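> Below: one structure in structure tokens.
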Amino acid sequence: MDVDTGSNRDPLRVVRARGVSARVTGDGGAAPARSQRVAAIIPAKDESERIAATIRSARSIPNVDLVLVVDDGSEDDTQHVARAAGAVVVRHSHNRGKASAMETGAAVAAMRDAADQPPRLLLFIDADLADTAVNTAPLVPPVLAGKADLAVAVLPPQAGAGGHGIVLGLARKAIQGVSGWTPKAPLSGQRCITREAFEAATPLARGWGVETGMTLDLLEQGFGVVEVPCDLRHRASGSDLRGYLHRAAQYRDIAYAIAVRRVRRYPAERP
């Protein structure tokens, strides 16, 4: 594992896959200007109760000059509430899944990038974070400074969370297999990423495999990944039937994303 610890005052560790050369940016690895802009992209499905607070909070994040909500086929007033709260809103006519919403958001953000400025960093925020969305701000500096290509939020324990760590363990084991590093939050959807790294990870894994697939893809291509503690609160899946079904779907999608990448890594030998 190749770990860049930075200065002694910086506790964050940037991880790259073992045996893979670090990526070098087109400018020779120079850190981007600290004035570089950030697009906060919020995939949302039926989040009319929380989306306004999430948008207001996200607009307070330093360097964020664009808050973009991708309404992924909501049946409630998510798009109207989001627009009234000041976000740019793009709507899917039907539910296409989080990965598709992320790709749509990134594409719209790219269309709004100025030709004479570096592309915006992409800050993905879950729609249910409400007033705590501003606490994703610590994800930006490591990417802005060029220390990492992807920063992932590590959340504190969430009230009401169920599960026995089976899904988490599956994702951790897969990432450890390519990097030797065991992440704390491989399923976290709160992520800041460079445009180059995002494009390298597309097409994104479908369903609940999107986060694990993204991390695996970037590590295998030599991009740097860092985890950052963030004080965030969102709805946790409980221990009821709905929670178990949710985790079963997570396991299925993550296992599929891992299997697809394993096949790519070790293609069958041809006669």
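> Of these, ASP77, ASP149, ASP131, which one is under 22 Å from PHE223 (Cβ atoms), at pLDDT 95 or above and charged (D, E, K, R)?
The conditions single out ASP149.
> I need a count of the residues in the stretch 42-78 that are part of a loop (DSSP other than H, G, I, E, B) and small (Gly, Ala, Ser).
Of the residues in the stretch 42-78, 4 are part of a loop (DSSP other than H, G, I, E, B) and small (Gly, Ala, Ser).
> Any idea which of (1) under 26 Å from VAL15 (Cβ atoms); (2) surrounded by fewer than 18 Cβ atoms within 10 Å (Cβ to Cβ); (3) not charged (D, E, K, R) is the one LEU122 doesn't satisfy?
For LEU122, the exception is condition (2).
> A follow-up question, please. So if I check each of ALA236, ALA248, which one is more than 14 Å from the chain's Cα centre (by Cα), part of a loop (DSSP other than H, G, I, E, B), among the hydrophobic types (A, V, I, L, M, F, W, C) and at pLDDT below 90?
Sole residue among the options that is more than 14 Å from the chain's Cα centre (by Cα), part of a loop (DSSP other than H, G, I, E, B), among the hydrophobic types (A, V, I, L, M, F, W, C) and at pLDDT below 90: ALA236.
> Of the residues VAL152, VAL143, only one is in contact with a strand residue (DSSP E or B) (Cβ under 9 Å, 6 or more places away or on another chain) and assigned to a helix (DSSP H, G or I); which?
VAL143
> Let me ask something else. Could you tell me which residue of the stretch 99-119 is farthest from the chain's Cα centre (by Cα), considering only residues that are assigned to a helix (DSSP H, G or I) and free of Cβ contacts under 8 Å to residues at least 12 places away in the same chain?
MET111
> Moving to a separate point now. Name every residue in the stretch 79-88 that is outside any strand (DSSP E or B), hydrophobic (A, V, I, L, M, F, W, C) and within 30 Å of ASP116 (Cα to Cα), in order of residue number.
Once the filter is applied, which keeps residues that are outside any strand (DSSP E or B), hydrophobic (A, V, I, L, M, F, W, C) and within 30 Å of ASP116 (Cα to Cα), the stretch 79-88 yields ALA82, ALA85, ALA87.
> Let me ask another. Restricting to the stretch 54-98, and then to whatever is at positive phi and without any contact (Cβ under 8 Å) to a residue 60 or more places away in the chain, can you tell me which residue is surrounded by the fewest Cβ atoms within 10 Å (Cβ to Cβ)?
GLY86
> Let me ask something additional. Please state which of the following conditions GLY160 fails to meet, knowing it meets all the rest: (1) part of a loop (DSSP other than H, G, I, E, B); (2) farther than 19 Å from VAL225 by Cβ; (3) modelled with pLDDT of 95 or more.
That leaves (3) as the condition not met.
The values are calculated or read from the model by the stated rules, or taken from the named source; none is laboratory data. The structure presented is a predicted model; accordingly, all values stated were derived computationally and were not measured. For neighbour counting, all protein chains shown are included, and Cβ atoms are generated from backbone atoms with ideal geometry for every residue, glycine included.
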